[in-house]
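The values are calculated or read from the model by the stated rules, or taken from the named source; none is laboratory data. It should be emphasised that the depicted structure is a prediction, and the values quoted were computed from it without experimental measurement. Quick reminder, even Gly has a Cβ in these numbers, built from the backbone with ideal geometry, and neighbours come from all protein chains shown.
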Amino acid sequence: MDQSEKKPLIEVKYLTKKFGNLLVLNEISTNIYEGERVVIIGPSGGGKSTFLRCLNVLEDPTSGEIIFDGDDLTDLKIDINVCRQKMGMVFQQFNLFNNLTVLQNIMLAPVTVGKKRLKQAKWNNRILPYYNKFLEKFGAKLNARVDKKIAKNKAIIEKYNAMLAPVEEEWAKTKRTVEKAGKVFVTYDKALTQKKLKIVTKIENAERVIDRAKYPQPKTPMELPFPDVKAIKAAAEERAMALLKRIGLAEKANVYPSTLSGGQKQRIAIVRALAMQPKVMLFDEPTSALDPEMVGEVLDLIKTIADSGMTMIIVTHEMGFAKEVASRVCFIDGGKIKEEGTPDEFFNHPKDPRLQEFLSKVL
Amino acid sequence: MSIWQIFVRQFVTLSGYKLVLEGLFNTLIIAIFGLLLGFLLGSLVAVIKTIPSYKKPGVKVFQTIADGYITIFRGTPMVVQLLIIHFVIFPLLNINIKNIIVGSLVVQGVVIEAVIAFALNSGAYIAEIMRGGINSVDKGQLEAGRAVGLSYPKTMVSIVVPQAFKNVLPTLGNEFIALIKETSVASFIAVTDLTKAFQNMANSTYEYIIPYIVLAFCYLILVILITLLVKLMEKRLKKA
């Protein structure tokens, strides 16, 4: 498969989510590539929605990593808002902003983000000459400081690596296999596991510091994306109106969401997410709260977006839709991906007994 | 003398209307600015109190301060707070507020002290009102705002708080009505508010019946006006 060579857009590694003692997601690992349309199905309470909400950190994962577009979303130090701007999300309950008109709903995020970028660019350009002068004077000193930091952390890694080897050896010796109820469990000495984990974390932290260490660079003038706030608003409005026209709701631009039908609300919610020009769209049961006759219009819109090549992850109960739109289907139950594959393989030749049972009930 | 003659003598011949206008002006200044500042303060405290604290440990400190503030200002009488601010805190900090002159209007320093006291007091009540309002807004609104990439404060300010405001508007109207009537205690720190003006008038002529009945009608009219205002606002916000 050529997909294994491409870098995944979203890389999920050992994603675990617990609500108190309830384990909802159990070490899920999967890769989502650009242009893929992943449909997630499964029984309710199986963790589908939680998985989707963890992908853009609306739900804090208990452990594991989500690497999206090169950023680890579970890292507290990244700017999660910037990452979320690249991920559109559509909710089961639409969640249109009730205090804003349809047009304002769509424009709010692009305008806010545009304003912020403009401010940053202006600030950057203003302090640029002073900063570069400062760098000219003290650049060598700052570089030396970064060098020192890297060297120090390299020394830490070496030291802990040396400590790790004997601990790991001893730890491996305490391995015990237990058979319980037909399943094999592997246990290690608890104290040693803790000790090993501590050392490994220290090494990882040092590696992260080295990764992050940057030599100060002279600033370059940033180009202003728009001349002023007015232009940002005009551009956002133009785009919003174009999107509204595309879904045939241009005449609803200035009404409040409470006057719209469920199908219209959901289509506008989808457009609101699209207005940010995201790299991936997440759909959390987009048709579950709709009247049966409105399901069609929403699914049609999702299909047209899918045809335009958007990467999507869709949680749904609509099996026909899943078959039609998916490039890959996942079955999540008990916090694990029990089976995944192409729609044909998945629906016609399911292997997992739990999936067979599930499909026999819903198809 | 007939009632009408007494009325004319009190308010026109003896220039009682000047006193009344001054008192009305001070009462309105205290009530309006007390409410506005109290609303801003209360909203801020409410937003701080509703931040999920497990995310940023530093928030806990602010939440404790907010809790302390609410406990103190809801736990002591308004008059006591007014007296403490005027006779204890301001002299201790050596603050002397000067009169503010806007055109031909003069806002006395004591009136500004009263505004601060009433803002702090109503802020504590409004904080709890707004907290209820914020909790009554569907959680999905916050999630949707965060999901499109808005920051937590931005989502709060432009989406959640406006909706919370709409939900608590009747209660806020209640608070405003209570506040405008409570301003009558401002005379404790030598503010000539509406009540004090009528008291002065009555004391100078030993004629009590007319001034106090007119005083009651003054408050009644003010409260009716506020009620109408709140209704109008509710109507406008109902569209959304």
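Would it be correct to say that A:ASN132 is more than 14 Å from chain B (Cβ to nearest Cβ) and in a helix (DSSP H, G or I)? Write out each step before concluding.
Values: more than 14 Å from chain B (Cβ to nearest Cβ): yes; in a helix (DSSP H, G or I): yes.
So A:ASN132 fits the description; yes.
Taking the stretch B:44-86 as the region of interest, how many residues are over 15 Å from B:TYR125 (Cβ atoms) and free of Cβ contacts under 8 Å to residues at least 24 places away in the same chain? Quick ask: steps written out before the conclusion?
First, the residues of the stretch B:44-86 that are over 15 Å from B:TYR125 (Cβ atoms): B:47-48, B:50-65, B:68, B:79-80, B:82-86.
Subset that is free of Cβ contacts under 8 Å to residues at least 24 places away in the same chain: B:48, B:52-65, B:68, B:80, B:84.
Summing the residues that are over 15 Å from B:TYR125 (Cβ atoms) and free of Cβ contacts under 8 Å to residues at least 24 places away in the same chain in the stretch B:44-86 gives 18.
Of all the listed residues (B:LEU225, B:LEU220, B:LEU215), the sole one being modelled with pLDDT of 90 or more and under 19 Å from B:SER15 (Cβ atoms) is B:LEU215. Within the stretch A:169-228, which residues are exposed (fewer than 12 other Cβ atoms within 10 Å of the Cβ), part of a loop (DSSP other than H, G, I, E, B) and among the basic types (Lys, Arg)? Answer for the stretch A:169-228, where residues must be exposed (fewer than 12 other Cβ atoms within 10 Å of the Cβ), part of a loop (DSSP other than H, G, I, E, B) and among the basic types (Lys, Arg): A:LYS175, A:LYS214.
Looking at B:VAL214, B:VAL223, can you tell me which residue is of a type in the set (Val, Ile, Thr) and under 23 Å from B:ILE112 (Cα atoms)? First the steps, then the outcome.
On the way: B:VAL214 fails: under 23 Å from B:ILE112 (Cα atoms).
Sole residue among the options that is of a type in the set (Val, Ile, Thr) and under 23 Å from B:ILE112 (Cα atoms): B:VAL223.
Sort through B:ARG131, B:ARG74, B:ARG146 and tell me the only one that's over 20 Å from the mean Cα position of the chain (by Cα) and either more than 30 Å from A:ARG84 (Cβ to Cβ) or assigned to a helix (DSSP H, G or I) (or both). None of the others qualify; the one that does is B:ARG146.
Of all residues in the stretch B:210-238, those that are without any contact (Cβ under 8 Å) to a residue 60 or more places away in the chain have Cβ atoms under 7 Å from Cβ atoms of residues that are of a type in the set (S, T, N, Q), 6 or more apart or on another chain, in B:LEU215/B:THR195.
Here the condition is being on the phi < 0 side of the Ramachandran plot and under 10 Å from the mean Cα position of the chain (by Cα); of A:THR50, A:THR16, A:THR74, A:THR62, it holds for A:THR74 alone. Pairs linking a residue in the stretch A:81-102 that is more than 7 Å from chain B (Cβ to nearest Cβ) to a residue that is crowded, with 23+ Cβ neighbours inside 10 Å and part of a loop (DSSP other than H, G, I, E, B), with Cβ atoms under 6 Å and 6 or more positions apart or on different chains, are A:MET87/A:ASN56; A:VAL90/A:PRO286. The set of residues in the stretch B:132-165 being charged (D, E, K, R) and at the interface with chain A (Cβ under 7 Å from one of its Cβ atoms) consists of B:GLU143, B:ARG146, B:LYS154. For B:LEU194, the criteria (1) more than 18 Å from B:LEU40 (Cβ to Cβ); (2) buried (at least 21 other Cβ atoms within 10 Å of the Cβ); (3) over 19 Å from the mean Cα position of the chain (by Cα); (4) more than 12 Å from chain A (Cβ to nearest Cβ) hold in every case but one, which is (3). A:GLY248 falls short on exactly one of the conditions (1) assigned to a loop (DSSP other than H, G, I, E, B); (2) touching a residue at least 12 places away in the same chain (Cβ under 8 Å), and that condition is (2).
Annotation note: of B:GLU207, B:GLU175, the sole residue that is charged (D, E, K, R), more than 14 Å from chain A (Cβ to nearest Cβ) and not in a helix (DSSP H, G or I) is B:GLU207.
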